[in-house]
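Here the structure comes first, spelled out in structure tokens, and everything after it is commentary.
The values are calculated or read from the model by the stated rules, or taken from the named source; none is laboratory data. Note that the structure is predicted; figures quoted are calculated from it, not measured. FYI the Cβ positions are ideal-geometry reconstructions off the backbone, even for glycines, and counts take in every protein chain you see. To get the accessible areas, we keep the full protein, side chains included, count just its heavy atoms, and leave off ligands, DNA and RNA. Shrake-Rupley method; radii C 1.70, N 1.55, O 1.52, S 1.80 Å.
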Amino acid sequence: MTVKLIRNAYEAGLTMTAVLLSWGAALALEGAAGLHTDVLVLAVALTLTLAATQRTADTRRRLMSLMLLPVTAAASIFVGRLLASHYAAGAAVFTAGMALAIWIRRFGPAATKAGTLIALPLVALLVVPGPALPAEAQSGLVTWGWAALIGFMACCSVWLVQALGDRRGPWRAAPTPGPPPGPARRAPQCCRT
């Protein structure tokens, strides 16, 4: 029991290290580019959730998150603006996005992981309900670009800290067990020779 508690504390330490790294990078970006402090909340929310889902991820899954999360983070800014200006339409788009993220999970493990990545920025939008830039700097592409960069930084922070933790730390990520092998399928009677 004590070893499990120590391992859980180690995993929590890795997660918080990734969060602090992402927060620090977002803080530097916020100061340098004159962004609103909401980017800090977005960075922390994405990193915290991503750290839990990526701990046992293989390289292919991490690359998928590196591609999907910035895109969906940028799209969540659009949904946030839509919620602020046209609440009913924004709520409909938010609901459709969450429904898509859940519906896509029925198409296998890779789709399940993609659905989780699609949902992360939408859930973070609930924590960061406003635009992430001051009103005078809110052109659509610029705002989406900053949100995508925050999503990219969150992925990189999680990836870096977890890779270093696996390489230098006392424990490696325990791989998640795959589905048990099913019974062997027999060829139909007409196809046997």
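Here are a few things to note about the model shown:
- Residues that are touching a helix residue (DSSP H, G or I) at 6+ places or on another chain (Cβ under 7 Å), touching a residue at least 12 places away in the same chain (Cβ under 8 Å), assigned to a helix (DSSP H, G or I) and of a type outside the set (A, V, I, L, M), drawn from the range 26-69: 47, 49, 53, 54, 61, 62, 65
Residue-by-condition table, conditions (1) acidic (Asp, Glu); (2) open to solvent by 40 Å² or more (accessible area, probe 1.4 Å); (3) in contact with a Gly (Cβ under 7 Å, 6 or more places away or on another chain); (4) on the phi > 0 side of the Ramachandran plot:
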residue: 32; (1), (2), (3), (4): no, yes, no, no
residue: 38; (1), (2), (3), (4): yes, no, yes, no
residue: 46; (1), (2), (3), (4): no, no, yes, no
residue: 54; (1), (2), (3), (4): no, no, no, no
residue: 59; (1), (2), (3), (4): no, yes, no, no
residue: 70; (1), (2), (3), (4): no, no, yes, no
residue: 73; (1), (2), (3), (4): no, no, yes, no
residue: 76; (1), (2), (3), (4): no, no, no, no
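- Number of the condition not met by residue 88 [criteria: (1) open to solvent by less than 50 Å² (accessible area, probe 1.4 Å); (2) of a type outside the set (Lys, Arg); (3) without any contact (Cβ under 8 Å) to a residue 12 or more places away in the chain]: (1)
- Boolean, residue 84 is in a helix (DSSP H, G or I), in contact with a helix residue (DSSP H, G or I) (Cβ under 8 Å, 6 or more places away or on another chain), over 17 Å from residue 148 (Cβ atoms) and not aromatic (Phe, Trp, Tyr): yes
- Residue under evaluation residue 24, criteria (1) modelled with pLDDT of 90 or more; (2) surrounded by 15 or more Cβ atoms within 10 Å (Cβ to Cβ), criterion not met: (2)
- Taking the criterion of being without any contact (Cβ under 8 Å) to a residue 24 or more places away in the chain, open to solvent by 60 Å² or more (accessible area, probe 1.4 Å) and either within 16 Å of residue 53 (Cα to Cα) or in a helix (DSSP H, G or I) (or both), the residues of the range 1-21 that qualify are 2, 3, 4, 5, 6, 8, 9, 16, 20.
- Checked against (1) under 26 Å from residue 17 (Cβ atoms); (2) of a type outside the set (D, E, K, R); (3) buried (at least 18 other Cβ atoms within 10 Å of the Cβ); (4) without any contact (Cβ under 8 Å) to a residue 24 or more places away in the chain, residue 101 passes all but condition (1).
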